[in-house]
1. Does Ala399 satisfy the condition of being touching a Ser or Thr at 6+ places or on another chain (Cβ under 8 Å), aliphatic (A, V, I, L, M), crowded, with 17+ Cβ neighbours inside 10 Å and outside the structural domain of Phe277 (by TED's automatic domain parsing)?
2. Answer yes or no as to whether Asp240 is assigned to a strand (DSSP E or B), free of Cβ contacts under 8 Å to residues at least 40 places away in the same chain, over 30 Å from Leu430 (Cβ atoms) and in the same structural domain as Arg141 (by TED's automatic domain parsing).
3. Only one residue in Glu230, Glu178, Glu184, Glu167 is at positive phi and either at pLDDT 95 or above or charged (D, E, K, R) (or both). Which one?
4. Of Leu218, Leu232, which residue is out of contact with any strand residue (DSSP E or B) (no Cβ under 7 Å at 6 or more places or on another chain) and either crowded, with 16+ Cβ neighbours inside 10 Å or in a helix (DSSP H, G or I) (or both)?
5. In the set Gly426, Gly433, which member is surrounded by fewer than 16 Cβ atoms within 10 Å (Cβ to Cβ), touching a residue at least 24 places away in the same chain (Cβ under 8 Å) and either in contact with a strand residue (DSSP E or B) (Cβ under 7 Å, 6 or more places away or on another chain) or on the phi > 0 side of the Ramachandran plot (or both)?
6. Within the range 26-52, count every residue that is over 20 Å from Thr157 (Cβ atoms), of a type outside the set (D, E, K, R) and without any contact (Cβ under 8 Å) to a residue 24 or more places away in the chain.
7. What are the pairs with Cβ atoms under 6 angstrom where one residue, in the range 120-143, is outside the structural domain of Glu274 (by TED's automatic domain parsing) and assigned to a loop (DSSP other than H, G, I, E, B) and the other, located anywhere, is buried (at least 24 other Cβ atoms within 10 Å of the Cβ) and among the hydroxyl-bearing types (Ser, Thr, Tyr)? Sequence gap at least six, or different chains.
Amino acid sequence: MRDWSPERVAQAAGARGLGPPPTTTGPERVTIDSRHAGPGTLFVGLRGEHADGGRFAPQALAAGAWGVLTTPECAQAAQSGPPGVLLAAEDPLTALQALATAWRRELEAKVIGVTGSTGKTSTKDLLLALLAPHRRTVASRANFNTEIGLPLEILSTPRETEILVLEMAMRGAGQIAELAAIAEPDVGVIVSVGPVHLELLGTVENVAAAKAELIGGLAPGAVAIIPAGERLLDAHLRADLQTITFGPGGDVRFESEDDEVVVIDAQGDRLELEVPFRQAHLRTDLLAAVAAARAVGSTPAGRVELALSAGRGENIALAGGVTVIDGCYNANPMSMRAALSDLAATAVRLGASRRVAVLGDMLELGPSARSYHLELGALAAAAGVDVLVTVGPLAAAAAERFDGESQSVANAAEAAAIVPELLQDGDLVLVKGSLGVGLKLVCEALAAGAAA
């Protein structure tokens, strides 16, 4: 937005300027953290539950910020401080989102929105791997997939970007619709529908409806990409969209697969890709990514150099031939099933001496939480797990359906203390649980032990 005037920034955000701006140019970047508000930065002070971030406007200006966007009260209070552009809005978050939409419209990029009960981050990572070698592509970072993070990602997108891939997260109804309204995607991808966030949504049907808000947010003529045979989405499909299905029996499906090469039938076109990953769930996500890439006019080819986001199942080799599958970022029943399947397949491929699973609570599952965790124990047994460590009060139920060696601990700190001592040379270790369990501590303890 460097070439925008302060007046245009204010208009785009639905804000009003206080006093004459000390510059005629726009900001270079946007932040909601006053500690990062250096020269060229627009600091947006958001209201929190316990404090108003706009109170830090003077500090942001003192650090050389281009300007601040805050409530009228905080903007007025900042008038007596260091110079800078002062923009006032009754709701700074709404103003941030409006500014992001205006910048999205300024960009000539195609926008792909990606959501799903599981696999959305992997699909986003796969899209970046497929598109970046051929087109100037930007994809969401880490957790920038919420009503705050998504507009920040849009506003950080360079003008020359050709394709923007935005991950969209939600915990309740209406949130995907909000994100779609901000991003105005040309392509909407729903990777999967399953039992997540049931504490708020109640049923999987409600989960499907919440995810389908992405379909509802697409403009006529846009492209919706969904799993083949996902009947829970049938009621949400639209005749004025192009709908593409992926997976067995879908428009985009595998013609053949081996360890390193897959052949994909993409709506009648034959694509051959070299893929160094073998996980079944990643290969399914690859089909969704291929469909989305083609929808924005790019034909995937060659080797897919996938770099997974942290905690999403990457394999980490440690001393003594130990391999860790790091899935500590998050978990739900669908992703746990996929991770245990991956554990079994990887153990065979590596010739692992034992299969060790460190499984934490799956949160936000509502009244059915215990039954899902009981099933988790049965899934671990079916995957040939030799040693099971459950972490948290919910995951402890998994041990009831597991006949092998098991231990249950209360929290991640206890798990981090005992798991390194349980391991033997050649073990394959899966570490997976909901983000709130904090199993990153276990992965860090294993890495530290290997380095010692």
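The values are calculated or read from the model by the stated rules, or taken from the named source; none is laboratory data. Since this is a predicted model, take the numbers as computed values, not measurements. In this analysis, Cβ positions are derived from the backbone assuming ideal geometry, glycine residues included, and neighbour counts consider all displayed protein chains.
1. Numbers: touching a Ser or Thr at 6+ places or on another chain (Cβ under 8 Å): yes; aliphatic (A, V, I, L, M): yes; crowded, with 17+ Cβ neighbours inside 10 Å: yes; outside the structural domain of Phe277 (by TED's automatic domain parsing): yes.
Criteria met by Ala399.
2. For Asp240, the condition - assigned to a strand (DSSP E or B), free of Cβ contacts under 8 Å to residues at least 40 places away in the same chain, over 30 Å from Leu430 (Cβ atoms) and in the same structural domain as Arg141 (by TED's automatic domain parsing) - is not met.
3. Only one candidate passes the filter, namely Glu184.
4. Numbers: Leu218 fails: out of contact with any strand residue (DSSP E or B) (no Cβ under 7 Å at 6 or more places or on another chain).
Selected residue: Leu232, the only one of Leu218, Leu232 that is out of contact with any strand residue (DSSP E or B) (no Cβ under 7 Å at 6 or more places or on another chain) and either crowded, with 16+ Cβ neighbours inside 10 Å or in a helix (DSSP H, G or I) (or both).
5. Gly426
6. The number of residues fulfilling the criteria is 3.
7. none
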